[in-house]
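Asker: Structure in structure tokens, see below.
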Amino acid sequence: MEANDSLYELPKYPHCAIICGQTGCGKTEFVLDLLEKEYSEVFKYIVILCPTIQWNKAYKNREWIGDVRKPKTKNLIIVNPIVEVREANGSLYEEEKLQELLRMFFKKYAGHPTLYIIDDCSATKELTKKKDMLSELAFSGRHAEQSVWVISQRYNSVLKDLREQTKWLCMFYTKDRDSFDNCLRENDVIPTLEERQRIKEELKKKKHRKLILKTDQPTDYWLLN
């Protein structure tokens, strides 16, 4: 169904969500808008893990974030999960520490309403590891008031464990047909194939148009500009 931005409501209890779309579609901007508006008082701590944080204009353009190295907002933590490691011979190499960082923050913030935003990490193996900290958060993070939002270019790149636990998804247009179709197949919210095709065509028409799927009962969906 069509909807104004003010006519849909997303869950405020601890949950998992996925936001997907190709580069430049406005994924991160949409998430930051949510944090400024309907989620502004929901989380005590917000942890953003993004390997491209230094160059991502979406974060730099928000006054409440300011310098990503030292955010203005209290209890906002921004981390690059890729770190430089020095070998015994003195040479440096990069290593991703996403799972280790998630475990560290979980130990610190468990029991407090916390949101982890994992942005632009889906191209790495770290986001598809099974039986690691991200998987643990997907299955049982809600018991410790922990929420996880994954921002990805491809739905299929996200850990299956997390995909199975989402309470809502946001899909922008993507050229990856399999990823889009698989999302609608796994999240059986839109009733007919004809309606799915209509929505896909609508997403093609406007750059920042997006589909919201609410997979928690009662299920619903909205097409937003």
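Asker: What is the distance, in nm, between label points placed 7 Å from the Cα along the Cα-to-Cβ direction at Leu223 and at Lys57?
Answerer: Each label point lies 7 Å from its Cα, and together they span 2.8 nm.
Asker: Mind listing the phi-derived Karplus ³J(HN,Hα) values for the stretch 187-194, rounded to whole Hz, using 6.51, -1.76 and 1.60 with θ = phi - 60°, and x for any glycine or proline?
Answerer: For the stretch 187-194, the Karplus-derived couplings read 10, 7, 10, 7, x, 10, 5, 5 Hz, x marking Gly and Pro.
Asker: Taking a threshold of 27 Å on the Cα-Cα distance, which of the pairs Lys27/Lys214; Lys44/Lys207; Lys27/Lys72; Lys72/Lys175; Lys37/Lys72 fall above it? Before the final figure, lay out the partial values.
Answerer: On the way: Lys27/Lys214 17 Å; Lys44/Lys207 33 Å; Lys27/Lys72 22 Å; Lys72/Lys175 36 Å; Lys37/Lys72 17 Å.
Result: Lys44/Lys207; Lys72/Lys175 exceed 27 Å.
Asker: What's the Cα-based Rg to Rh of the stretch 37-113, Rh via Kirkwood?
Answerer: Working: Rg = 14.8 Å, Rh = 14.3 Å.
Dividing the radius of gyration by the Kirkwood radius yields 1.04.
Asker: Beyond 25 Å, what share of the Cα-Cα pairs of the stretch 13-224 is found? Please give it as a whole percent.
Answerer: The share of Cα pairs beyond 25 Å in the stretch 13-224 comes to 38 percent.
Asker: Same structure, new question: Excluding residues fewer than 8 places away in the same chain, name every one of the aspartates and glutamates whose C-alpha is closer than 20 Å to that of Lys206.
Answerer: Straight-distance partners of Lys206: Glu2, Asp5, Glu29, Asp33, Asp176, Asp181, Glu194, Glu195.
Asker: If you plug each phi of the stretch 91-100 into the Karplus form 6.51 cos²θ - 1.76 cosθ + 1.60 with θ = phi - 60°, what whole-Hz ³J(HN,Hα) values come out, in order, with x for Gly and Pro?
Answerer: 6, 10, 9, 9, 9, 8, 10, 4, 5, 5
Asker: Next question. Assign unit charges at the C-beta atoms only (+1 for Lys and Arg, -1 for Asp and Glu), then state the dipole size of the chain relative to its Cα centre in Debye, rounded to the nearest 20.
Answerer: Values: 38 positive and 35 negative charges, 67 e Å.
Around 320 debye, computed over the chain.
Asker: For the charge dipole of the chain, defined by +1 on Lys and Arg C-beta atoms and -1 on Asp and Glu C-beta atoms about the Cα centroid, which residue among Pro51, Gly90, Ser140 has the Cα displaced farthest towards the positive pole?
Answerer: Gly90
A short reminder: the numbers here are calculations on the coordinates, not readings from a lab. Model, not experiment: these values are computed from the prediction. Cβ coordinates were reconstructed from backbone atoms using ideal geometry, including for glycine residues, and neighbour counts include every protein chain displayed.
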